[in-house]
Amino acid sequence: SIDNLVKDIEETKKLGIKAVLLFGVSHKKDPMGIGAYAKNGIAQKAIRTIRKNIKDIVVISDVCLCGYISHGHCGIVKAQGTRHKAQDYIIDNDETLKVLSKIALSHAEAGVDFVAPSAMMDGQVKAIREALDKQGYQDIGILGYSAKYASNFYGPFREALGSKPQFGDRKTYQMDYRNSDEALREIKQDIDEGADIIMVKPALSYLDIIYRAKQNFNLSLAAYNVSGEYAMVKAYSRCSVLGVRCSKRTDNREPITETEKNLVLEILTSIKRAGADLIVTYHAKEVAKWLKQ
Ligand code: PBG
Ligand code: ZN
């Protein structure tokens, strides 16, 4: 919520973290996701509030539809055929590009530094770059979710956003995890379209992809340590033997154990070792504290 946001980001900044990635979520979803580009939407308000109250923090905003659209997909859905089967509903890539551009522009108007399109539509970086430039926002950067896999590690995030697809899955726009060369093609495409930072997502099961991206491209490389990876660490540190004896710890403010700390440091170091220049992680504040100590 907006009232907790400023306090939270001030804390984040004090710990030495230089950038935040914002995700908006609306509990009033609609079939076209129009809330995603509302002038007074939660993301736009959040960006304006941070800009007004906090100096020297880089604000990056997620650009997608899944937190706002009733069916939970990352794009506009078009019906075809009999409309009875899941296959009769397809994602309208090019229609979605127009909406993503509108979302990016609404964030630009609010004062964002970078937009981060995560919908995995073909041509999204180019469409957004052109829309921003046309309105005079040449200085706003783009963090491309370049190689984003259709992963089983997104569960907790989707639960938080209420963005689990109501039909079908995201495999028509997110990547097949059996494929590694495609990641390099996707990254190259994002760079050609004007991305300023490229990203691999998830991180831990994709260290090979991070490594290859680092070897092949000379651009800032981000890796996203996603919600399921975070949840695994939390579950592991609470359970002693293969989940048999788990403490029912529900309070997130309880001190983090030494086991968990060491585990997190090992995981994040491996992501860095593979080649990531930036890591997006839910462990950020804790890690920043440990690194300071
Ligand atoms: C989709 C999106 C996803 C995440 C962030 N934005 C993946 C998805 O739902 O398919 C996952 C983040 C996480 O799991 O931490 N635009
Ligand atoms: Zn999405």
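FYI, it's all coordinate maths here, none of it is from the lab. Predicted model only: the values in this text are computed from it and were never measured. Neighbour counts run over all protein chains shown; Cβ positions are idealised from the backbone, glycine included.
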Using a Gaussian network for the chain with springs between C-alpha atoms less than 10 Å apart, which of these wobbles most: 233, 25, 200? 233
Straight-line reach from residue 18: which aspartates and glutamates have Cα under 16 Å away, leaving out those fewer than 8 places along the same chain? 8, 10, 56, 113, 277, 286
Helix-only [θ] at 222 nm, the chain, -39500 (n - 2.57) per DSSP H run of 4+, per residue, nearest 500, equals -13000 deg cm²/dmol
Have a look at the DSSP beta bridges in the chain and tell me what percent are antiparallel, nearest 5. 15 percent
Once the dipole of the chain is set up with Lys and Arg at +1 and Asp and Glu at -1 on Cβ about the Cα centre, which of 124, 65, 226 lies farthest towards its positive end? 226
13 Å reach of a label modelled at residue 53, 7 Å along Cα-to-Cβ, counting backbone N of the stretch 19-44: none
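I need 74, 239, 64 ordered by Cβ neighbour count within 10 Å, fewest first.
Numbers: 74 25, 239 13, 64 29.
With the sparsest Cβ surroundings first, the list reads 239, 74, 64.
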Does the chain classify as rounded, prolate or oblate by the C-alpha gyration tensor (a ≥ b ≥ c root eigenvalues; a/c under 1.5 gives rounded; else a/b over b/c gives prolate, otherwise oblate)? rounded
